[in-house]
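In what follows, a single structure is set out as structure tokens and then discussed.
The values are calculated or read from the model by the stated rules, or taken from the named source; none is laboratory data. All values derive from a computational prediction rather than experimental measurement. Cβ placement follows ideal geometry from the backbone for every residue including glycine, while neighbour counts extend to all protein chains displayed.
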Amino acid sequence: MRVVRERIAAACARSGRSPSEVTLIAVTKGVAAEAIRKAIDSGITDIGENRVQETADKRPSVADVDVTWHMIGHLQTNKVKAALSLFDIIHSVDSLRLAEAISSRALSNVPVFVEVNVSQEPTKTGFALEQLPDAVRAMRALPNLDVRGLMTVAPLFERSEDARPIFRRLREAAHEAGLGQLSMGMTSDYETAVEEGATHVRIGQAIFGERPA
Ligand SMILES: *Cc1c(COP(=O)(O)O)cnc(C)c1O
């Protein structure tokens with residue numbers, strides 16, 4: 001984790017940013033509760049999970065520590081109620097239907113990111129760039145929904161440099177929509193994402209080691 005923080009700081013230095021602008025989310029899918037606890041002991045303040053059930057199983061064993069929980073995976077509308085009781089922020093709002101479900105079940109303002117499928121990969125969910133202006137406008141009109149920014153998962157390239165145009169387009173789209181936050185960058189490409197303006201990086205394997213496939 002120290003190495004990850006150092007690399008984030010170096011990417012910030014290269015791009016004239018401050019490391020305080022970048023939230024490091026430790027992605028703990030597939031990671032046991034004890035290891036999550038250790039990460040929190042060594043300074044992790046933000047945890048990312050991609051499944052409601054797995055989080056419901058693990059969260060009780062780390063309930064006594066004050067961390068922010070981020071939902072980063074695809075969320076089905078029938079799991080919204082459970083998700084709202086487990087997570088503080090939802091990064092993966094990939095349809096208007098989901099935004100409406102969150103809005104109608106939330107008891108207070110829920111911070112969300114709108115997920116964008118920048119390179120239009122068929123295997124990924126998320127809005128196309130062209131859909132964003134209308135989608136963001138519609139979500140801003142919903143009660144109890146605080147649209148903070150845009151989120152994307154870049155394709156897995158051999159060289160992280162190849163992800164740069166994707167991160168740049170997400171930054172431009174956020175700027176056009178008047179949104180300040182960018183959730184982008186994972187183990188394979190976070191330094192590039194930080195150089196391109198990421199405010200939230202979601203990192204699993206670089207912190208916890210390789211995940212079995
Ligand atoms: C698993 C996951 C990550 C973290 O991936 P690593 O390669 O372990 O860093 C980030 N974002 C999302 C949406 C994920 O599902």
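Considering only residues of segment 173-191 that are assigned to a loop (DSSP other than H, G, I, E, B) and closer than 28 Å to Met1 by Cβ, which is farthest from the ligand (Cβ to nearest atom)?
Here the answer is Gly180.
Collect the residues in segment 157-172 that are farther than 22 Å from Glu130 by Cα and within 14 Å of the ligand (Cβ to nearest atom), keeping them in residue-number order.
Phe157, Ser160
Do you know which residues across segment 127-145 are in a helix (DSSP H, G or I) and surrounded by 12 or more Cβ atoms within 10 Å (Cβ to Cβ)?
Leu129, Gln131, Leu132, Pro133, Ala135, Val136, Ala138, Met139, Arg140, listed by residue number.
Rundown of residues vs (1) at pLDDT 95 or above; (2) farther than 27 Å from Leu129 by Cα; (3) within 14 Å of the ligand (Cβ to nearest atom); (4) surrounded by 15 or more Cβ atoms within 10 Å (Cβ to Cβ), yes/no style:
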residue: Val4; (1), (2), (3), (4): yes, yes, yes, yes
residue: Ala10; (1), (2), (3), (4): yes, yes, no, no
residue: Leu24; (1), (2), (3), (4): yes, no, yes, yes
residue: Ile40; (1), (2), (3), (4): yes, yes, no, yes
residue: Thr45; (1), (2), (3), (4): yes, yes, no, no
residue: Leu86; (1), (2), (3), (4): yes, yes, no, yes
residue: Ser92; (1), (2), (3), (4): yes, no, yes, yes
residue: Leu96; (1), (2), (3), (4): yes, no, no, yes
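Suppose the filter is modelled with pLDDT under 95, away from the ligand (no atom under 15 Å from the Cβ) and either farther than 22 Å from Pro212 by Cβ or within 16 Å of the chain's Cα centre (by Cα) (or both); does Asp66 pass it?
Numbers: modelled with pLDDT under 95: yes; away from the ligand (no atom under 15 Å from the Cβ): yes; either farther than 22 Å from Pro212 by Cβ or within 16 Å of the chain's Cα centre (by Cα) (or both): yes.
When the stated conditions are applied, Asp66 passes them.
Output yes when any residue across segment 44-60 is part of a helix (DSSP H, G or I), among the hydroxyl-bearing types (Ser, Thr, Tyr) and touching an Asp or Glu at 6+ places or on another chain (Cβ under 8 Å), and no when none is.
yes
Somewhere in segment 89-108, is a residue closer than 30 Å to Ala39 by Cα, in contact with a His (Cβ under 7 Å, 6 or more places away or on another chain) and among the small types (Gly, Ala, Ser)?
Pass one, segment 89-108, residues closer than 30 Å to Ala39 by Cα: 89-94, 102, 106, 108.
Checking which are in contact with a His (Cβ under 7 Å, 6 or more places away or on another chain) leaves us with 89, 91-92, 94.
With among the small types (Gly, Ala, Ser) added as a condition, the list becomes 92.
There is at least one residue in segment 89-108 that is closer than 30 Å to Ala39 by Cα, in contact with a His (Cβ under 7 Å, 6 or more places away or on another chain) and among the small types (Gly, Ala, Ser).
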